[in-house]
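The values are calculated or read from the model by the stated rules, or taken from the named source; none is laboratory data. Note that the structure is a prediction, hence the values are computed from the model and not measured. Cβ placement follows ideal geometry from the backbone for every residue including glycine, while neighbour counts extend to all protein chains displayed. For the accessible areas, the whole protein counts, side chains as well, though only heavy atoms, and no ligand, DNA or RNA atoms are used. Shrake-Rupley method; radii C 1.70, N 1.55, O 1.52, S 1.80 Å.
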Amino acid sequence: MKISTIAELLDAQVLCNEQDLDKHVYSACGSDMMSDVLAYVKDQAVLLTGLVNTQVIRTAQMMDMVCIVFVRSKKPTPEMTELARENGLVILTTDKRMYEACGKLYANGLRGNVTKDE
């Protein structure tokens, strides 16, 4: 699924790296616990979270993610946005709750723990 489709489905605002909205993601993970993200995320995932700290950006970077969606109208700090910009991560924010955001993406074909080769 293209990141632009995710933004559209979630009525999300793009906060940085708008030029990368045509990139594809093949799986999604919704979590506020970065240890779960490190343990379970696979290839080219989008992370949905309500946690707002630099560890979110660092975790996404370590896991080769391409997009982070902050749910519940959470907004990253300027420091986080700049770190994401430097590392090529698209940052989105939506007013939807985690459950609804994950459900919308799942209902539209984005699955969890799927690689681009599956």
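Couple of notes before you dig in:
- Estimated FRET transfer efficiency when R0 is 22 angstrom, pair Glu100-Asp32 (beta carbons, to 0.05): 0.90
- Alpha-carbon spread of the chain, three principal axes, descending order, Å: 35, 28, 26
- Taking the centroid of alpha carbons for each part, the stretch 11-29 and the stretch 51-118 are 8 Å apart.
- With θ taken as phi - 60° and the Karplus curve 6.51 cos²θ - 1.76 cosθ + 1.60 applied, the whole-hertz 3J(HN,Hα) list for the stretch 29-40 is 9, x, 6, 9, 10, 5, 5, 5, 4, 4, 7, 10 Hz, x standing for glycine and proline.
- Close Lys pairs in the chain (alpha-carbon distance under 16 Å; sequence gap of 8 or more, or different chains): 8.
- Choice from Thr94, Thr77, Thr59 showing the highest fluctuation, given a GNM over the chain with Cα pairs closer than 10 Å: Thr77
- Accessible surface of the stretch 3-107, 1.4 Å probe, proportion on carbon and sulfur as whole %: 48
- Beta bridges assigned by DSSP with both partners in the chain are antiparallel in approximately 25 percent of cases.
- Among Met33, Met65, Met80, residue whose mean-square fluctuation peaks in a GNM of the chain (springs only between Cα atoms under 10 Å): Met33
- Accessible-area order (highest first, 1.4 angstrom probe) of the listed residues Cys16, Cys102: Cys102, Cys16
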